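Asker: Dumping the structure here so I can ask a few things about it.
The values are calculated or read from the model by the stated rules, or taken from the named source; none is laboratory data. No experiment lies behind these values; they were computed from the predicted model shown. Counting neighbours? That spans all protein chains shown, and the Cβs are built from the backbone with ideal geometry, glycine included. Keep in mind that these areas ignore ligands, DNA and RNA; they rest on the heavy atoms of the full protein, side chains included. Shrake-Rupley method; radii C 1.70, N 1.55, O 1.52, S 1.80 Å.
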Amino acid sequence: MPKLHVVTGAPGAGKSTLLRHLGAYPFASADFDELPELDGRLLGIDITSPSASPVWPAYNRLWVKIATMMLRGGGPVLILCPLTPDEWASAAFGDVVDPPRATWARLDCVDADRRARLAARGWDRDQIEDAVKDAEELRCVVNQQFTTTGRSPAEVAAAIAGWITDSSE
């Protein structure tokens with residue numbers, strides 16, 4: 001049975017950067033940030049804005065469905081997202097038929113790196129501190145970690161590929 005791998009990470013961990021380095025590996029990969037347009041809109045709704053939080057559960061369900069469809073290919077699938085395992089499970093409950101079980105890891109970095117990366121994106125201080133708090137929460141619920149601090153995206157991609165290969169055998 002194909003295996004779903006989910007790598008979670010708070011904003012600034014390096015998920016979107018990592019995605020560009022995963023194409024060389026024999027598994028399908030996708031990132032939650034790929035569906036919205038550059039302005040954060042999906043189907044006319046800015047789903048990246050905190051004011052859109054009422055639609056986030058539906059967006060999460062959409063991704064569970066996408067992962068389920070990707071698994072039909074028969075190989076391992078990697079989803080990069082900001083969710084906790086409980087948020088994923090909540091999204092999978094209900095209208096998703098036979099939702100896939102996932103193996104979890106966390107992409108992380110030291111808080112100083114996160115702050116610098118998000119400041120470079122133009123995030124304000126409150127947004128940055130919210131992301132730091134999100135990272136603290138994820139550290140408490142997902143043990144398997146891949147750090148982007150002091151490592152190139154190619155190195156991190158290779159480590160994640162090894163994890164996927166090892167856990168899929």
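Asker: Rolling a 1.4 Å sphere over the protein heavy atoms, what is the accessible area per residue of the range 79-148, to the nearest Å²?
Answerer: Value returned for the range 79-148: 58 Å² of accessible area per residue.
Asker: Okay, next question. Give me the dipole magnitude in Debye, nearest 20, for the chain about the Cα centre, with unit charges on the beta carbon: positive for Lys and Arg, negative for Asp and Glu.
Answerer: 340
Asker: Identify the chymotrypsin sites (Phe, Trp or Tyr not before Pro) of the range 86-169 meeting these criteria: DSSP loop state and at most 16 other C-beta atoms within 10 Å of the C-beta.
Answerer: Sites meeting the loop and neighbour criteria: F93.
Asker: Can you pull the percent of the chain's accessible area that's carbon plus sulfur, 1.4 Å probe, other chains left in place?
Answerer: So the carbon and sulfur contribution to the accessible surface is 54 percent.
Asker: Got a sec to turn the phi values of the range 73-82 into Karplus ³J(HN,Hα) couplings, 6.51 cos²θ - 1.76 cosθ + 1.60 with θ = phi - 60°, whole Hz, x for Gly and Pro?
Answerer: Karplus values, whole Hz, x for Gly and Pro: x, x, x, x, 10, 10, 10, 9, 7, x.
Asker: Here's something else I'd like to know. With θ taken as phi - 60° and the coefficients 6.51, -1.76 and 1.60, list the Karplus ³J(HN,Hα) couplings across the range 17-28 in order, rounded to whole Hz; mark glycine and proline as x.
Answerer: Result, rounded to whole Hz: 5, 4, 3, 5, 9, 8, x, 7, 9, x, 8, 7.
Asker: Given R₀ = 30 Å, what would the calculated FRET efficiency be for A159 paired with L62, taking r from the Cβ atoms and rounding to 0.05?
Answerer: Computed FRET efficiency for A159 and L62: 0.60.
Asker: Still on this structure, please answer the following. Pop out the ³J(HN,Hα) list for the range 100-105 in order, Karplus 6.51 cos²θ - 1.76 cosθ + 1.60 with θ = phi - 60°, rounded to Hz; leave Gly and Pro as x.
Answerer: Rounded to whole hertz, the list is x, 7, 10, 9, 10, 9.
Asker: Within straight cross-link reach of K3, meaning Cα distance under 20 Å, which aspartates and glutamates are found once same-chain residues fewer than 8 apart are removed?
Answerer: D31, D86, E87, D98, D166, E169
Asker: For the chain, what is the mean residue ellipticity at 222 nm derived from helices alone (per DSSP H run of n ≥ 4: -39500 (n - 2.57); sum divided by total residues; nearest 500 deg cm²/dmol)?
Answerer: Calculated mean residue ellipticity at 222 nm is -13000 deg cm²/dmol.
Asker: Could you tell me the center-to-center distance, by alpha carbons, between the range 69-147 and the range 34-48 in angstrom?
Answerer: The range 69-147 and the range 34-48 have Cα centres separated by 18 Å.
Asker: Still on this structure, please answer the following. How fast does the range 96-142 diffuse by Stokes-Einstein, in µm²/s, taking the Kirkwood radius from C-alpha pairs at 37 °C and 0.692 mPa s?
Answerer: 266
Asker: Another question, if that's okay. Multiply the residue gap between S152 and E37 by 0.36 nm, knock off their C-alpha separation, and tell me the result in nm, one decimal place.
Answerer: 38.7 nm
Asker: Run the simple label-point estimate for S51 and E137 please: 7 Å along Cα→C-beta, distance reported in nm.
Answerer: 2.2
Asker: Continuing with the same structure: Per 5 Å bin from zero, what fraction in whole % of the C-alpha pairs of the range 52-139 is there, up to the bin with the longest pair?
Answerer: Distribution as computed: 3, 12, 20, 19, 17, 14, 10, 5, 1 percent.
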